[in-house]
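Visitor: First, the structure itself, so that you have it in front of you.
The values are calculated or read from the model by the stated rules, or taken from the named source; none is laboratory data. Source: prediction; values computed, not measured. Neighbour counts are summed over all protein chains in view; Cβ atoms, including those assigned to glycine, are modelled from backbone coordinates with ideal geometry. Areas reflect the complete protein model, heavy atoms only, side chains present, ligands, DNA and RNA absent. Shrake-Rupley method; radii C 1.70, N 1.55, O 1.52, S 1.80 Å.
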Amino acid sequence: ASFQTQAVYDPSSFEKFMNSAAKLNVPVPAVLQVLTSANLPRRRNANLPGVFVPQIIIDQIDGAKNRSEASIQISASIIREVRGICSGVHIMAIGWESTVPKILEAAGVADGS
């Protein structure tokens, strides 16, 4: 058995969750939805219980000259922070599937490690 999380954007809160979930002794992959705009995290924060996108991430997307590059870097950063504390990452790049190889490369996992 295994289960996956809601979308993860706050690695420190996710780590606290994983510390609690460790007693279940099941694999837990994190879910990461690539943020295509600052409106998406605002909607998530307002309407989706269990998902919280920190304001600093919203500000990064709002202030970005290149929204795609900002989303890639944000996603890669989250993957780097959570990959050692979960069983993997499920990337949801709805409509932005072409960014996944770039995210994996920026996260340092493009070689499959």
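Visitor: Within a Cβ distance under 15 Å of S12, other residues only, what is the Lys/Arg minus Asp/Glu net charge?
Guide: On the way: positive: K16, R80, R83; negative: D10, E15, E81.
Net charge in that neighbourhood comes out at 0.
Visitor: Gain in length, K65 to A46, computed as 0.36 nm per residue apart minus the alpha-carbon separation, to one decimal in nm? Working shown, then result.
Guide: Values: separation 19, 0.36 × 19 = 6.84 nm, distance 2.54 nm.
Length gained between K65 and A46: 4.3 nm.
Visitor: Treating the angle as unsigned and between 0 and 90°, give the value, to the nearest 10°, between the Cα long axis of helix 67-82 and the longest Cα principal axis of the chain.
Guide: Orientation of helix 67-82: about 20 degrees from the principal axis.
Visitor: Roll a 1.4 angstrom probe over the protein heavy atoms and tell me the percent of accessible area of the chain that is carbon or sulfur. Present the calculation step by step, with values, prior to reporting the outcome.
Guide: Values: 3290 of 6430 Å².
Within the chain, the accessible surface is 51 percent carbon and sulfur.
Visitor: What is the P(r) of the chain, as percent of Cα-Cα pairs per 5 Å bin from 0?
Guide: 2, 12, 23, 24, 20, 12, 5, 1, 0
Visitor: Cα-Cα pairs above 20 Å in the stretch 51-113: how many percent?
Guide: Details: 505 of 1953 pairs.
Percentage above 20 Å: 26.
Visitor: Placing unit charges on C-beta atoms (Lys and Arg positive, Asp and Glu negative, everything else neutral), compute the dipole magnitude of the chain about its Cα centre in debye, rounded to 20. Don't skip to the answer; put the middle values down first.
Guide: Values: 10 positive and 9 negative charges, 50 e Å.
About 240 debye.
Visitor: Can you show me the helix-derived [θ] at 222 nm for the chain, built from DSSP H runs with n ≥ 4 at -39,500 (n - 2.57) apiece and divided by the number of residues, rounded to the nearest 500.
Guide: Values: 5 runs with 52 residues, N = 113.
One gets -13500 deg cm²/dmol as the mean residue ellipticity at 222 nm.
Visitor: Calculate how steeply helix 11-21 sits against the longest principal axis of the alpha-carbon atoms of the chain, using the helix alpha-carbon long axis, and give the answer as 0 to 90 degrees to the nearest 10.
Guide: 20 degrees
Visitor: Mind checking which aspartates and glutamates have their C-alpha under 18 Å from K16, skipping anything on the same chain fewer than 8 residues away?
Guide: E81
Visitor: Under a 1.4 Å probe, what is the accessible area of the chain per residue, stated in Å²? List each step's numbers first, then the result.
Guide: Working: 6430 Å² over 113 residues.
Per-residue value: 57 Å².
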